[in-house]
Amino acid sequence: MNYLSTRDTSVSLTSSQAIAKGISSDGGLFVPDSIPAVSLEEIAALADESYIGRAKNILGRFLTDFTDEELDSCVKGAYETGFSSEKVAPVVNVKGNMNVLELFKGPTCAFKDIALQILPRLLTVAGGKAAKGTEIVILVATSGDTGKAALEGFKDVENTKILVFYPSDGVSPMQKLQMCTQEGKNVAVSAISGNFDDAQSGVKKIFTDPAIIAKLKENGMAFSSANSINWGRLAPQIVYYFSAYCDLVKEGRINCGDKINVVVPTGNFGNILAAYYAKEMGLPVKKLICASNSNSVLTEFLTTGTYDRNRKFYTTISPSMDILISSNLERLLYSLAGSEKVKEWMKLLASEGKYTVDGETLAKIKELFAAGCCDDDKTKATIAKIFNENGYLCDTHTGVAVAVYEDYVASTGDDIPTVIASTASPFKFSKAVLEAVEGKASDLNEFDMVTKLAEITGNECPSQLANLRNKQIRFTGCCEKSGMDRVVFDMLGIK
Ligand SMILES: *Cc1c(COP(=O)(O)O)cnc(C)c1O
């Protein structure tokens, strides 16, 4: 299998080249040249396998230039011990046909761990094939979850260094503590005075600065990217949709071949795109239900065909979904409409901040997707309701997904067995979750809120969050946007 660019189908790379490169030079994203099919018999056989077996099977179909041994060591290294559930991504039945796929059992308690625990391993193998002897330097701008998950994934991985920039006032107290206490010999973290966009544009500038790239090259180093446009982050996410389906079959909740609905709380469109690929491969999925918070750009797009980022930006209690440009949407558009149209629409997005797809593409989108959004008040009310009625405590992002799911069932009557992706531990967003279940504002400090939330809900705080209280702070630096390149050089020991 080869990989081409969403903006240039003449590009042809192996999977390791696509992973090592991250993004195509024409600005497009790498996509496989065909979608591998998985039969119902194969799905039934996967139901008897562990998560590791399922991951090797599904990933092997995409990463065709990795040997069995390489794939085996990447998958085992990522999933054998690092997750607090041996199922890695367990499915929990909340009520009736409503099931939650818990994707937050990894080291940082957010779903990004599932991809970022394996990406560094894939990247080291890929780097060895594609660019021998070069040290890989990962730069990340984060609004919270990605930075910590990338640090945990890359910590002490040979031949790599990782540097994370976060906006000084743009992350939650728990997220900041998670990053500033990060262990590992090859890691560094810096705040930047500014917002997430400043951090993001600063990193992009460094990434593409020819003088900086040349300096790294002289020192045997090269930049690579850990963000969700890298195919090596997307492919591992396809696995857990197969795994969830297999678990439902195994538990007798569905028969192999029955259709399910999938609901995903969405920001950059990576997670739900993985569900789309699973469906295209043959997983029996009826509707992909895209849930957004008040930043409802995707709800509008999936229902009207117009993508318009010229709108008010809301800061919400589900910050990982506060996003107006969903990069991975480009891969869906490529699948449905081809590279010529993608180029045209992405050009309009860059110049006007807006584009409208043709009627044929919209019809395809509507066949595949349903979409809805909900504001903070409704998110909190939903968290409280599901906890009080069903004893299930969910985080704010998952709360958005549950609310949109309930609206979908109420308006369509379509209540077939459903999997809702749960993307973070409720203890990562203790303040909003505590306020939701208590029904009033809280002025406790972060760790007292965690303790209280555990007490009143009877849920245990994951140890990796609880232990942060006693960890040593290693990184206190804060730089100006103009000083980011200096921080990079200092970390790499380049004068
Ligand atoms: C990143 C993130 C999301 C959004 O996922 P996308 O793949 O960007 O759509 C949702 N919830 C949480 C907790 C996240 O960290």
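Please report the relative contact order for the chain, taking Cα pairs under 8 Å with a sequence separation of at least 6, and give it as a percent rounded to a whole number. Each step should come with its number before you reach the end.
On the way: 935 pairs, mean separation 90.4, N = 495.
It comes to 18 percent, rounded to a whole number.
Could you work out the percent of alpha carbon pairs in segment 415-480 separated by over 20 Å, rounded to a whole number?
On the way: 943 of 2145 pairs.
Of all Cα-Cα distances in segment 415-480, 44 percent exceed 20 Å.
Are any of the pairs Lys21/Lys471; Lys185/Lys428; Lys259/Lys312; Lys129/Lys471; Lys259/Lys354; Lys176/Lys205 more than 28 Å apart by Cα-Cα distance, and if so, which?
Check vs 28 Å cut-off fails for Lys21/Lys471; Lys259/Lys312; Lys129/Lys471; Lys259/Lys354.
So what's the back-of-envelope 222 nm ellipticity for the chain, counting only DSSP H runs of four-plus at -39500 (n - 2.57) apiece and dividing by all residues, rounded to 500?
-14000 deg cm²/dmol
Would you mind pulling out the separation of the Cα centroids of segment 163-195 and segment 92-136, in Å?
Between the Cα centre of segment 163-195 and that of segment 92-136, the gap is 20 Å.
Where Lys and Arg each count +1 and Asp and Glu each count -1, what net charge lies around Thr379 among other residues with Cβ under 14 Å from its Cβ?
Local charge sum for Thr379: -4.
So what's the net charge close to Arg121: Lys and Arg +1, Asp and Glu -1, counting the other residues with Cβ under 14 Å from its Cβ?
-3
With viscosity set to 1.002 mPa s at 20 °C, what whole-number translational diffusion coefficient in µm²/s follows for the chain from Stokes-Einstein and a Kirkwood radius over Cα pairs?
94
Express in whole angstrom the spacing between the alpha-carbon centres of segment 385-434 and segment 239-262.
After rounding, the separation between the Cα centres reads 19 Å.
Give the separation of the Cα centroids, segment 265-291 to segment 312-345, in Å.
Using only Cα atoms, the two centres lie 14 Å from each other.
Highest mean first, how do 376-388, 214-226 rank when packing is the count of other Cβ atoms within 10 Å averaged over residues?
Working: 376-388: 19.3, 214-226: 16.6.
Highest to lowest by the protection proxy: 376-388, 214-226.
If you take every DSSP beta bridge fully contained in the chain, what fraction is antiparallel? Give it as a percent rounded to 5. Before the final figure, lay out each step's value.
Working: 13 of 49 bridges.
Counting only bridges with both partners in the chain, antiparallel ones make up about 25 percent.
Using θ = phi - 60° and the Karplus relation 6.51 cos²θ - 1.76 cosθ + 1.60, list the HN-Hα couplings for segment 139-147 in order, rounded to whole Hz, with x at every Gly or Pro.
Each residue's phi maps through the Karplus curve to give 10, 10, 9, 10, 9, x, 6, 5, x Hz.
In terms of modelled amide H atoms, which long-range or inter-chain residues lie less than 5 Å from the amide H of Cys373?
Residues meeting the amide H criterion: Ser292.
What does the charge dipole of segment 328-476 about its Cα centre add up to, to the nearest 20 debye, if the Cβ of each Lys and Arg holds +1 and the Cβ of each Asp and Glu holds -1? Mind showing how you got there, number by number?
Values: 17 positive and 23 negative charges, 127 e Å.
Here segment 328-476 has a charge dipole of around 620 debye.
Quick check: net charge around Glu86, other residues with Cβ under 11 Å of its Cβ, Lys/Arg +1 and Asp/Glu -1?
Local charge sum for Glu86: +1.
Every number here is computed from the coordinates shown, using simple stated rules; none is lab data. Note that this is a predicted model, so its numbers are computed, not measured. Cβ coordinates were reconstructed from backbone atoms using ideal geometry, including for glycine residues, and neighbour counts include every protein chain displayed.
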